[in-house]
2 protein chains.
Amino acid sequence: MSGRAADGRSVAEKLFAIGDAFQGREDLSLSEIASRSHLPLSTAHRLVGEWVAWGGLVRGDDGRYRVGMRVWRLGVRQPTAMRLRRIAMPYLEDLLEATTEHVHLAVRDGLGAIYLERLSGPGAVSAISDVGSRLPLHATGVGLVLLAHAPTEVFDELLASKPRKFMPNTLTEERELRRRLAEIRSFGLSTSVEELTAGAFSVAAPVRDATGEVVAAVSIIAHIERLKEPQFALGVRMAARGISSALGYRPQGE
Amino acid sequence: MSGRAADGRSVAEKLFAIGDAFQGREDLSLSEIASRSHLPLSTAHRLVGEWVAWGGLVRGDDGRYRVGMRVWRLGVRQPTAMRLRRIAMPYLEDLLEATTEHVHLAVRDGLGAIYLERLSGPGAVSAISDVGSRLPLHATGVGLVLLAHAPTEVFDELLASKPRKFMPNTLTEERELRRRLAEIRSFGLSTSVEELTAGAFSVAAPVRDATGEVVAAVSIIAHIERLKEPQFALGVRMAARGISSALGYRPQGE
DNA sequence: AGCCCGACTTCCACTCAGTGGAAGAACTTG
DNA sequence: CAAGTTCTTCCACTGAGTGGAAGTCGGGCT
């Protein structure tokens, strides 16, 4: 590269930083992209131009940039996300009907849970789990379920990362977490109260594939006043079982 | 840049060429990526490494590369594709049930039709319209509908591009095309026989948004033996109307 | 209508990040 | 075990990429 790269990032890293700038946002101005990707304005201008030339970003008449079809087309080649979403959708729709709050499908990605799908009823609590977003494993219902069924190295890695306590009820101590994950494995369900969001609780269950491995988790998030209503646990269990079954999972000894 | 870029492409262009290599493919070896993106092996190796570092590609235990979650997460920020798919899905499912062949939803992208969704019944004809794929406007049912309702510059641009005749029935002559597009606009439906695929016919209809603008097209593709069955035209019309209605379209004078 | 401000575009001297052929390592197949 | 293929690493070479500064454009306000 020539000139004087101030912060040592490669061209590729800068390009991907521009892509990352769109996390959680639907459209951005050039200055916003530069700021969020930590690039000088002229560098951002040039590299955003490369995204536009490829079709990965589109500049609207309002001068704002949005993700283009080229990225979407590449994204749908991601095998797991598309297949799981398609298979799970009918079950998630059923679960939505039964609960009328938020319904999620998520997969593990390192120490995060990526939300593959979110269906929301009218009057659902304020949610921060956009489709495509990635939230910490230890602070979400789906995350705890995914963590409970992950290789032990993942748990060790989480502890080493000094997990943040988002709410008073967010578990971060090793002993508490170990006990909680053991409960989840044994009970087959996770019920969490105010772990990431005030005024809400969640119920989550694991989704298994044909090998029995946990590949995703289903959950609902609802207003805390509804904690005692029985259809949440039942519905989440049944949705998770249905999706698992559709993925080829056959429970043993049942 | 340094060294000696043999073909004048920028680093960005090379990176995106790697992304493009995955069109129509779920997994590729390093050599395949190099070949498909027209890069020397060592260059491909370095740049693929950048994709992997970002999370846009993942290398499996088999040494083959697949699209990673990072791309999917960016792709779902594409506003049009996600919204149209979500709104259209129930209507497409209904249409699938009525026809048991292929059902498509597509949008125009320059001189191509991008397939946002494809639902397929058992026994459906062999199809080349994968979700995310982009096929020429003039050679597909959805494409002709999208072309019929596009600005006139698009038609001129198509003629200038010397469109390819994939099958004897593929229209490429200006007068034929003009007549055909006028028919489609007047009839509100397109029926095409063996325009891209032998042994198949398609029926397609426009999807309109709240402004009345055609923003997508719905179609079925079926075995040519079923050409006379009446439920195809009816079903496609109704699905397109339903999706349009859900998008806020209110027909005038009806 | 004019001025001011913010956002964006363009320029360009400078230089090291990126280049890709070649050699070697690793893996697969017969 | 040998041969062939694929992938990894090295490194001399150099021009693509750099980002601050200046200029342009558009919007808002008076």
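From the alpha carbon centroid of the stretch B:86-104 to that of the stretch B:221-235 is 14 Å.
A simple charge model with +1 on the Cβ of Lys and Arg, -1 on the Cβ of Asp and Glu and nothing else charged puts the dipole of the protein assembly as shown at about 740 debye relative to its Cα centre.
Taking the label point 7 Å along Cα→Cβ, residue B:164 and its counterparts in the other copies are spaced 5.0 nm apart, in ascending order.
Taken residue by residue and averaged, Cβ atoms of other chains lying within 10 Å of the Cβ of B:116-124 number 1. Considering only A:248, A:12, A:199, and ranking their Cα positions along the charge dipole of chain A that arises from unit charges at the beta-carbon of Lys, Arg, Asp and Glu, the one farthest toward the positive end is A:12.
The value of relative contact order for chain B, using C-alpha pairs under 8 Å at least six residues apart, is 15 percent.
In the elastic network of chain A, a GNM with C-alpha springs shorter than 10 Å, the most mobile of A:53, A:124, A:222 is A:53.
In the assembly of identical copies, residue B:41 has its label point, taken 7 Å from Cα in the direction of the beta carbon, separated from the corresponding points by 4.7 nm (ascending, one decimal). Counts of other chain beta carbons within 10 angstrom of each beta carbon in peptide A:59-69 average 3.
Would you calculate a helix-derived [θ] at 222 nm for chain A, using -39,500 (n - 2.57) for each DSSP H run of n ≥ 4 and dividing by the full residue count, to the nearest 500?
That calculation yields -13000 deg cm²/dmol at 222 nm.
Largest GNM mean-square fluctuation across A:123, A:63, A:235, computed for chain A with C-alpha springs under 10 Å, falls on A:63.
Among chain B residues, the one whose Cβ is nearest the axis of the rotation from B to A, given with its distance rounded to whole Å, is B:75, 1. Charged side chains reduced to their Cβ positions (Lys and Arg at +1, Asp and Glu at -1) give the stretch B:11-74 a dipole of some 140 debye around its Cα centre. Only Cα pairs under 8 Å and 6+ residues apart enter the sum, and on that basis the relative contact order of the stretch A:160-254 stands at 23 percent. Given the options A:57, A:196, A:144, state which has the largest fluctuation in a GNM of chain A using a 10 Å cut-off (strictly under) for Cα springs. Comparing A:57, A:196, A:144 in a Gaussian network model of chain A, the most mobile one is A:57.
The dipole here belongs to chain B: it is taken about the Cα centre, uses +1 on the Cβ of Lys and Arg and -1 on the Cβ of Asp and Glu, and is about 520 debye.
A straight Cα-to-Cα reach below 25 Å connects residue B:14 with the lysines A:14, residues fewer than 8 places away in its own chain not being considered. Placing pseudo-labels 7 Å out from each Cα toward the beta carbon at residue B:176 and residue B:45 gives an inter-label distance of 5.1 nm.
Quick note: the coordinates plus some simple rules give every number you see, no bench work behind them. Please read these numbers as outputs of a predicted model, since none were measured by experiment. All Cβ positions, even for glycine, are placed from backbone atoms using ideal geometry, and neighbour counts span all protein chains on display.
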